[in-house]
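Undergrad: I'd like to ask some things about the structure below.
The values are calculated or read from the model by the stated rules, or taken from the named source; none is laboratory data. None of the values given here were measured: they were computed from a predicted structure. Here the Cβ positions follow ideal geometry from the backbone for every residue, glycine too, while neighbour counts run over all protein chains shown.
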Amino acid sequence: MNYLARIVCIDDEPAIIELVNMIFIPENIQVDSAYNGEDGLALIRRDPPDAVILDIMMPGMDGWEVYRRIRADKTLKNVPVIILTARNSSFEEIIARERAGVDDYVVKPFIPSDLRKSLAKVLGSHYQLR
């Protein structure tokens, strides 16, 4: 099947990964997933996606470390990253997100249209989502 795009979702919550699949598979977006930072980084390195949806709060390697490693890798540094962050984010986390120059972020809990708009934003006008 020819997909419009391929994304990787890295989140330790199976319900979030299931929701991302439910949102994007009907949009003809291939969703590959990982439940932790180490596996997610390996997946991205093996086959760079069009975009990454990345949870910040994960056990082991957290999302910020995954993000830093993506940006430090010359073959991955231009892959857009959408950060998923909890609604009760601290002021320090918000400032860190701005300083890190993330492509976009979505606050949990989110509605499907928020994530669709974010992906369309980072992928550009070539990708028109419903």
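Undergrad: List the residue pairs whose Cβ atoms are under 7 Å apart, where the first residue sits in the stretch 26-52 and is touching a residue at least 40 places away in the same chain (Cβ under 8 Å) and of a type in the set (A, V, I, L, M, F, W, C), the second is crowded, with 17+ Cβ neighbours inside 10 Å and assigned to a loop (DSSP other than H, G, I, E, B), and the two are 6 or more positions apart or on different chains.
TA: Short answer, once both residue conditions are applied: 51/79; 51/80; 52/79.
Undergrad: Follow-up. Select from the stretch 44-69 the residues that are under 13 Å from the mean Cα position of the chain (by Cα) and outside any loop (DSSP other than H, G, I, E, B) and list them in ascending order.
TA: 44, 51, 52, 53, 54, 55, 63, 64, 66, 67, listed by residue number.
Undergrad: Can I ask one more? When the residues of the stretch 1-20 are filtered to those that are of a type outside the set (Ser, Thr, Tyr) and more than 15 Å from residue 84 (Cα to Cα), which remaining residue is nearest to the chain's Cα centre (by Cα)? Don't jump to the end; show me each part of the working.
TA: Just the residues of the stretch 1-20 that are of a type outside the set (Ser, Thr, Tyr), to begin with: 1-2, 4-20.
Checking which are more than 15 Å from residue 84 (Cα to Cα) leaves us with 1-2, 4-6.
On the way: 1: 22, 2: 21, 4: 17, 5: 13, 6: 11 Å.
So the residue we want is 6.
Undergrad: Turning to a different aspect of this structure: Output the number of the condition that residue 96 fails; it satisfies all remaining conditions of (1) buried (at least 17 other Cβ atoms within 10 Å of the Cβ); (2) modelled with pLDDT under 90.
TA: (1)
Undergrad: Of 39, 47, 11, which residue is modelled with pLDDT of 95 or more, within 20 Å of residue 123 (Cβ to Cβ), surrounded by fewer than 19 Cβ atoms within 10 Å (Cβ to Cβ) and not aliphatic (A, V, I, L, M)?
TA: 47
Undergrad: Determine which single condition residue 28 fails, assuming it passes every other condition in (1) modelled with pLDDT of 95 or more; (2) polar (S, T, N, Q); (3) surrounded by fewer than 18 Cβ atoms within 10 Å (Cβ to Cβ).
TA: Every condition holds for residue 28 apart from (1).
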